1. Any idea which of (1) out of contact with any Leu (no Cβ under 9 Å at 6 or more places or on another chain); (2) in contact (Cβ under 8 Å) with a residue 40 or more places away in the chain; (3) surrounded by fewer than 22 Cβ atoms within 10 Å (Cβ to Cβ); (4) not polar (S, T, N, Q) is the one HIS506 doesn't satisfy?
2. Filter the range 185-210 for residues that are at pLDDT 90 or above and surrounded by fewer than 18 Cβ atoms within 10 Å (Cβ to Cβ) and give the result.
3. If we keep just the residues of the range 528-543 that are farther than 17 Å from TYR450 by Cβ and in contact with a helix residue (DSSP H, G or I) (Cβ under 8 Å, 6 or more places away or on another chain), which is modelled with the lowest pLDDT?
4. Do you know which of the residues in the range 211-231 that are within 33 Å of the chain's Cα centre (by Cα) and β-branched (Val, Ile, Thr) is surrounded by the fewest Cβ atoms within 10 Å (Cβ to Cβ)?
5. Looking only at residues in the range 830-858 that are among the small types (Gly, Ala, Ser) and surrounded by 11 or more Cβ atoms within 10 Å (Cβ to Cβ), which one is modelled with the lowest pLDDT?
6. Would a scan of the range 602-609 turn up a residue that is among the aromatic types (Phe, Trp, Tyr), farther than 24 Å from HIS515 by Cα and at pLDDT below 90?
7. Which one of GLU250, GLU258 is over 39 Å from the mean Cα position of the chain (by Cα) and either under 30 Å from GLU178 (Cα atoms) or in the same structural domain as GLY334 (by TED's automatic domain parsing) (or both)?
8. Identify all residues within the range 57-71 that are within 14 Å of ARG142 (Cα to Cα) and touching a residue at least 24 places away in the same chain (Cβ under 8 Å); write none if there are none.
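The values are calculated or read from the model by the stated rules, or taken from the named source; none is laboratory data. A quick note: this is a predicted structure, and the numbers were derived from the prediction, not measured. Methodologically, a virtual Cβ is constructed for each residue, glycine included, from the backbone with ideal geometry; neighbour enumeration extends over all protein chains shown.
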Amino acid sequence: MTIGEAVLSAFMQALFEKVIAAAFGELKLPRDVAEELEKLSSSLSTIQAHVEDAEERQLKDKAARSWLGKLKDVAYEMDDLLDDYTTEALRSKLEGQSKYTHLNKVRTCLCCFWLNTCLSNHKILQEIRKVEKKLDRLVKERQIIGPNMIITTDRKEIKERPETSSIVDDSSVFGREEDKEIIVKMLLGQKNSNSNHASLSVLPIVGMGGLGKTTLAQLVYNDTRIRNHFQLRVWLCVSQNFDQMKLTRETIESVASEFESVVSGVSSVTTNMNLLQEDLSNKLKGKKFLLVLDDVWNEDPEKWDTYRRSLVTGGKGSRIVVTTRNKNVGKLMGGMDPYYLNQLSDSDCWYLFRSYAFVGGNSSARPNLEIIGMEIVKKLKGLPLAAKAIGSLLCSQDTEDDWKNVLRSEIWELPSDKNNVLPALRLSYNHLPAILKRCFAFCSVFHKDYVFEKDSLVQIWMALGFIQPEQRRRIEEIGSSYFDELLSRSFFKHHKGGYVMHDAMHDLAQSVSIHECLRLNDLPNSSSSASSVRHLSFSCDNRRQTSFEAFLEFKRTRTLLLLSGYKSMTRSIPSDLFLKLRYLHVLDLNRRDITELPDSIGRLKMLRYLNLSGTGIRRLPSTIARTELITGIARIGNLTSLQQLEEFVVRTGKGYRISELKAMKGIRGHVCIRNIESVASADDACEAYLTLGELPQLKYLYIWGFPAIIKISQEFSGSIGGRGFPSLKELVFEDLANLKMWASIQDGEFLPSLTELAVIDCPQVTEFPSLPLTLKKFKISETGFSILPEVCIQSSQFSSSLACLQIHQCPNLTSLQDGLLSQQLLALEQLTITHCSDLIHLPVEGFRSLTSLGSSHL
């Protein structure tokens, strides 16, 4: 059984920065507290070097693992203490800025009283000193056990996998024939795709560990058509260390062995890179070769470029195949689009499993085991390495009980000496930066097959402090890049508009976070690890019950997620739940039966992410706000840092007007504005237009079901020179029954980022301004246009980006000889015109000017 790891280096760095910020930041803490925090930062800096060393050793060294566990507890203790203290200090500062002098004095006095009695300077100093003593003890302990660790443990924990060769037994390969055919045809084709070097194309095969990339490359390498097509074939196993000199030398040796008559021009032991490269370049000159670089991890472009220089002399049509787990590696090396390898089908996975689990691959003699085996294969989710490993494990086990035990187990629970699945995947994990290890490990708190929403996961990472700030970048952008990096390294994959994690990857995440993340299913009576759990989730069947009592013992948890079981019968939340779980940072209550929250939720001072969207709650407790959620929060405009607003309902009352959005410059993504007809006057309407146009991060805007709109004036596009909506990408007008025109813009830049525009069910509209050059997709349906709008082409140096035009059911449209289709639309690829019954005049020159047109439907 794999023992959970401590991923502490990133956490310790974040804690160090938090301590520095508290000591020297804007809160202006008392001098003695700041001085003590400064001492603590010095202790943290000293211990950081020990952390990185111990993390490398922890898999094999129990002492290192134990030491890291103790340090993690102390680090969390300090982090909680800092959060608690700085939250109160910040609250005191904010309340001190009240514009009401009398109230200011009262609140300041109350705050001072609270701090003096509950978290007095003396108490915080005592707590910090306790942490310092614990850290000092851990440093001394590390210095004592350190030498023993050095003796008993190899310094390098990241082990390279065994060397591969080009030899393959194709009789033991299942389900890869189609993949092989596609790759072979790509290699035999004449096109060099995006390669910057006419004679050399690179084809990356990308997929997670254990998927069979090497096996596929072996099949391709040994195909008769490949043998006949290339004068020279070379196979090199690269693995983690991309040593240019070693690779160059091995390539020379492979070429020399392929052409035995060729005598090496330099000594094989020379360390002169220039001599080696000249020798290889001469040997390859004019020869069409296939080079397979198996298991590449290198992300340093200079290393690749150094090695590549001696390869470009090869003959026209030479190819390089690269197998890698990281699509960024393929991008770096350039060339063809990556070939993403998929999992095996259940039937092919069964054939592979059967060949290892049963003697001679014959399962018919053991029908009882065959049934269990098929169920095991379903759990493997098409991962060939797992099919081989589990099949081999079961080959020597003959009883139904043995097979059922494996069926009930997770991969990470199987005997490590007979399970090479996790070690293979662990290589990917070991290559992650420390900050990404933390983000990945956290994902084990979600159940298998959970469909992740990228933005929501990033927000949770933000709330938990996993994202390291960078200058001039928004924290959401940094978090998004973290996710993209994990996606590129095959830790996630696309699935139905979201993302999922392969079960084996989930097992890996669980194996490295076993003491920190816990999934409760059907609520066990007790948990022995409650004190160490920091992230907790609960899932159940809709027919079962959700009860909160079992959560009470997890007093240190920072995350509580109610996942599957939205319709399950849910008991009321105990009044003291949030008094017990006072360290919560993330709370997601996805249960329809939850209709109210206890007042104790207002005591969650560290709560940074609260999701109530799956509940029946209509009113928040007075400890949070005195208003109904169903109609929005009054004076929401005071939330000037708010960045996500799903829906805003306009009302005539003060605090609910559309002008509330004006100060919320951070709103990003999309926003749905309902009941906009409540805008009372022309002045308010003008202000509404200006308000929307001045949201700098707004990307998607949908306006529909608003019969009061007759004209969209110039103000809609912004207040200064038509420079509104700087980030807007998609704009939809739908079901505006009385809209007649959108006034033209006289000057300025009009919707500078717009790529998609749709006008749907606006039967009276006849006039639109000129469309921006950035527009790529334009859809009009059930409109009153008699002449199509034009694209604003001010100079021959600029052309329209429009690639897709859809026109449907526009009864007044009689001619295309004026307007959009009379212009030079050189990028237009798709044109659809349907149910325009009175359309009789096509463009004067027909559609000859649409040089990029690929499909049309008229």
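1. (3)
2. Once the filter is applied, which keeps residues that are at pLDDT 90 or above and surrounded by fewer than 18 Cβ atoms within 10 Å (Cβ to Cβ), the range 185-210 yields LYS185, LEU188.
3. Residues of the range 528-543 that are farther than 17 Å from TYR450 by Cβ, as a first pass: 528-534, 543.
When the remaining residues are screened for being in contact with a helix residue (DSSP H, G or I) (Cβ under 8 Å, 6 or more places away or on another chain), the result is 532, 534.
Working: SER532: 85, ARG534: 92.
Among those that are farther than 17 Å from TYR450 by Cβ and in contact with a helix residue (DSSP H, G or I) (Cβ under 8 Å, 6 or more places away or on another chain), it is SER532.
4. So, considering only residues that are within 33 Å of the chain's Cα centre (by Cα) and β-branched (Val, Ile, Thr), the one surrounded by the fewest Cβ atoms within 10 Å (Cβ to Cβ) is THR214.
5. To start, the set of residues in the range 830-858 that are among the small types (Gly, Ala, Ser) comprises 837, 846, 849, 852, 854-856.
Subset that is surrounded by 11 or more Cβ atoms within 10 Å (Cβ to Cβ): 849, 852, 856.
On the way: SER849: 81, SER852: 83, SER856: 76.
Here the answer is SER856.
6. Restricting attention to the range 602-609, the residues satisfying the condition of being among the aromatic types (Phe, Trp, Tyr) are 609.
Filter again for farther than 24 Å from HIS515 by Cα, leaving none.
No, every residue in the range 602-609 fails to be among the aromatic types (Phe, Trp, Tyr), farther than 24 Å from HIS515 by Cα and at pLDDT below 90.
7. Working: GLU250 fails: over 39 Å from the mean Cα position of the chain (by Cα).
So the residue among GLU250, GLU258 that is over 39 Å from the mean Cα position of the chain (by Cα) and either under 30 Å from GLU178 (Cα atoms) or in the same structural domain as GLY334 (by TED's automatic domain parsing) (or both) is GLU258.
8. So the first thing to find is which residues in the range 57-71 are within 14 Å of ARG142 (Cα to Cα), and the list is 57-58, 61-71.
Correct list: ARG57, GLN58, ASP61, ALA63, ALA64, ARG65, TRP67, LEU68, GLY69, LYS70, LEU71.
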